[in-house]
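To keep things clear, I will list the structure first and then write my remarks on it.
Every read-out reported here was derived from the displayed coordinates using simple, explicitly stated rules and does not represent laboratory data. A quick note: this is a predicted structure, and the numbers were derived from the prediction, not measured. Don't worry about glycine lacking a Cβ; one is built from the backbone with ideal geometry, like all the others, and counts go over all protein chains shown.
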Amino acid sequence: MNADEMTDHITSTFAGTRVMEAYGDTFFLHDPDGDLPPERQLPFATIVTDDNYDHVSRLGEPGAYRLNIGLTKATYTAMFGPPPTRRDDQGIFDTGFDHARRDQVMPHPVYASQYWVCVVSPATTLDTVRSLLVEAHAFAVRKHANHARRAGA
């Protein structure tokens, strides 16, 4: 599945998803009414297709893209244990993973401490990726509903 196909999958599967693009990257937000203020526009998933922010995934290689997924703490720690705390001089977490490896779900090189995972050019991991996207979207839906309840109270 290439980046365009992944974008189509996410937008066609998850109700209330708004897509934002910046600098060639794609951000998927749960915003069913299209009215989230900028400070609440936090994506549940992103697709990065170049090395603008880091070079560890080698996204300049043909066909490479990185899907990033924000998980709950419980799911992240069940998969990888506590998030990493040590960064190198480039700001990349020491996770023990090769962030350029294709088709492996792993802690995000920069946002692992916020319970984000990533996979470069998913293929055989698509079933896992799809289930993680379901969870990430459901988490975004709960956060949106909780905020709406608080705002209406």
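How large is the dipole of segment 3-152 about the Cα centre if only Lys and Arg carry +1 and Asp and Glu carry -1, each at its Cβ, rounded to the nearest 20 debye?
The calculation lands at about 720 debye.
Take the chain, connect every pair of alpha-carbon atoms lying under 10 Å apart with a spring to form a Gaussian network, then pick out the residue of PRO82, PRO122, PRO62 with the largest mean-square fluctuation.
Maximum among the listed residues: PRO62.
Would you tally the net charge around TYR23, using a Cβ to Cβ cut-off of less than 15 Å, leaving TYR23 out, and scoring K and R as +1, D and E as -1?
Net charge around TYR23: -4.
Output the relative contact order of segment 3-152, whole-number percent, from Cα pairs under 8 angstrom with separation of 6+ residues.
Reported as a whole number, the value is 20 percent.
So what's the net charge close to GLU135: Lys and Arg +1, Asp and Glu -1, counting the other residues with Cβ under 14 Å from its Cβ?
+3
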